[in-house]
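J.: First the structure, which I've put down as structure tokens, then a few questions once you've had a look.
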Amino acid sequence: MSAITDLVSELVRSANELVRLSDVGKRQLLTSASEKVSDLQEGACVAGMHKEIVGDLQSISLTLGIGKITNDQLQANLLDAAGALRMLHIAIDARRA
């Protein structure tokens, strides 16, 4: 598996097991996802396509410890990030082929 595939799996698994993650773990996961989506956007030459997802992940990361986000919102955003990473990974692989 590639690092991207591993991160997608981790995002989906974590979205389904949020109660097991600490706020620090959630924040680290959100940071990793937003950085990887940003990196892949550049590699796929689709800058801005997933900019909203990156912004959402970053703002959620900032509000985690102060109770302004529900687990449902966090779960939805983690799954959105997993979907964005998957699509970007596919786009990059298609360009290589």
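J.: Go through the range 6-42 and report how many residues are part of a helix (DSSP H, G or I) and open to solvent by 50 Å² or more (accessible area, probe 1.4 Å). Walk me through it before giving the result.
T.: Taking the range 6-42 as the starting set, the residues that turn out to be part of a helix (DSSP H, G or I) are 6-16, 18-20, 23-42.
Add one more test, that the residue is open to solvent by 50 Å² or more (accessible area, probe 1.4 Å), and what stays is 6, 10, 12-13, 16, 19-20, 23-24, 27-28, 31-32, 35-36, 39, 42.
Going through the range 6-42 one residue at a time, the tally reaches 17.
J.: Evaluate the following for Asp80: is it open to solvent by 60 Å² or more (accessible area, probe 1.4 Å), at pLDDT 80 or above and over 10 Å from the mean Cα position of the chain (by Cα)?
T.: On the way: open to solvent by 60 Å² or more (accessible area, probe 1.4 Å): yes; at pLDDT 80 or above: yes; over 10 Å from the mean Cα position of the chain (by Cα): no.
Considered against the rule, which asks whether it is open to solvent by 60 Å² or more (accessible area, probe 1.4 Å), at pLDDT 80 or above and over 10 Å from the mean Cα position of the chain (by Cα), Asp80 comes out as no.
J.: Take the conditions modelled with pLDDT of 85 or more and open to solvent by 70 Å² or more (accessible area, probe 1.4 Å) and apply them to Arg96. Does it pass? Break it down stepwise before answering.
T.: Working: modelled with pLDDT of 85 or more: no; open to solvent by 70 Å² or more (accessible area, probe 1.4 Å): yes.
No, not satisfied.
J.: Of (1) open to solvent by 70 Å² or more (accessible area, probe 1.4 Å); (2) at pLDDT 80 or above, Cys45 satisfies all except one. Which?
T.: (2)
The values are calculated or read from the model by the stated rules, or taken from the named source; none is laboratory data. All values reported here derive from a predicted model rather than from experimental measurement. With ligands, DNA and RNA removed, areas are computed over all heavy atoms of the protein, side chains included. Shrake-Rupley method; radii C 1.70, N 1.55, O 1.52, S 1.80 Å.
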